[in-house]
1. For S240, are the conditions met, namely being under 14 Å from the mean Cα position of the chain (by Cα), of a type in the set (S, T, N, Q) and within 23 Å of R107 (Cα to Cα)?
2. Could you list, in sequence order, the residues of the range 170-184 that are aliphatic (A, V, I, L, M) and farther than 16 Å from S235 by Cα?
3. Can we say A199 is at negative phi and under 27 Å from the mean Cα position of the chain (by Cα)?
4. Take the conditions surrounded by 14 or more Cβ atoms within 10 Å (Cβ to Cβ) and either farther than 23 Å from S143 by Cα or at pLDDT below 80 (or both) and apply them to G243. Does it pass?
5. Please identify the pairs in which a residue from the range 239-260 that is more than 14 Å from R34 (Cβ to Cβ) and touching a residue at least 40 places away in the same chain (Cβ under 8 Å) has its Cβ atom under 8 Å from the Cβ atom of a residue that is among the aromatic types (F, W, Y) and not in a loop (DSSP other than H, G, I, E, B), counting only partners at least 6 apart or on another chain.
6. I'd like the full set of residues that are free of Cβ contacts under 8 Å to residues at least 24 places away in the same chain and either surrounded by 13 or more Cβ atoms within 10 Å (Cβ to Cβ) or not in a helix (DSSP H, G or I) (or both), limited to the range 177-212.
7. Could you please find all residues in the range 247-278 being polar (S, T, N, Q) and farther than 15 Å from V94 by Cα?
8. Please determine, by comparing only the residues of the range 10-38 that are of a type in the set (V, I, T) and in contact (Cβ under 8 Å) with a residue 60 or more places away in the chain, which one is nearest to V283 (Cα to Cα).
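The values are calculated or read from the model by the stated rules, or taken from the named source; none is laboratory data. Because the structure is a prediction, the values reported are computed rather than measured. A quick note on method: Cβ atoms are made from the backbone with ideal geometry, for glycine too, and the neighbour counts reach across all protein chains shown.
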Amino acid sequence: MLLRKMLLWKIARHLGAIATLVLLGGLLSATLVRLAPGFDADERELDPSLNAESVRALRQSRAGEHNILSFYIGYLRGAIHGDLGTSHALGQPVQTLLRERWPVTVRVTGVGLLLAWLLASTLAFTACLWRRSAYEILGTTVSGAFLCIPAAVLALLSVILNAPGYLAIALIVFPKIYRYSRNLLAKAYSLPHITAARARGLGEVRILACHVLPVAGPQMIALAGITVSIALGASIPVESLCGLPGIGQLAWQAALSRDLPLLVNLTVLVTLVTLLANSGADVMIHMLRPRDA
């Protein structure tokens, strides 16, 4: 009974920490947008067809955003009732925009992450199994080359070569996964019990499955949670340049137009997804600990 209460207390405390970070992330986003140069500027005011009353109405629509605390409190009140506000730039409810665009981002980032993990883990595992210096140099060179190329350049190359957007995301995330997982596997293979297992005549595949992965697995699961936020960040230039109507393209449009209601919601959404991904990785690691023991 005591253990159950302690578990429930840990879960409640963790959920409270997630909620606090999400709220602080939204407030910080609103503050940064409000303090950014040119926040009060609106390109629609330059339209010569608008009269003075229309320009005054445009300025009045943003009057409630000058006080950050009052705006954020009003946003939270509306969010509790399911109202996330209206986008200034697109003139549509934010809830509608997110509902229409999130499937594109989930598909692009999901497939990109899967390809990145398949490529990086295959190269890392084969490099440790074969232990050929030429193969390891090749993997390090390829991953280093893609690590040096900016995400926007890879997205532009995918447009020029007419490649799918998820391939660009895979190439952006791949070098980060490969270099970290390769170091983890190399460190695991250098442990004394691996040498003892080889001395007993165990095969490389069995050593990898029974002795290496239990050591490196928890850290690779934690890496998987981190790569979710990396892929979400990469989706902004990829979707914007490839013309994919997802959350990343929406974030880029909101940043250009300084669309405060839309930017706050996107920040809250990305923060929540990142925290949930890391929390899911922590839960998986916790579930694997008794087996490792």
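1. Considered against the rule, which asks whether it is under 14 Å from the mean Cα position of the chain (by Cα), of a type in the set (S, T, N, Q) and within 23 Å of R107 (Cα to Cα), S240 comes out as no.
2. I177, L184 - these are the residues of the range 170-184 that are aliphatic (A, V, I, L, M) and farther than 16 Å from S235 by Cα.
3. So A199 fails the test.
4. Taking the combined requirement at face value, the residue does not satisfy it.
5. E239/W252; S240/W252; G246/W102; I247/W102
6. Across the range 177-212, the qualifying residues are N183, S190, I194, A197, R198, R200, G201, L202, G203, I207, H211.
7. Passing the criteria: T271, T274, N278.
8. I18
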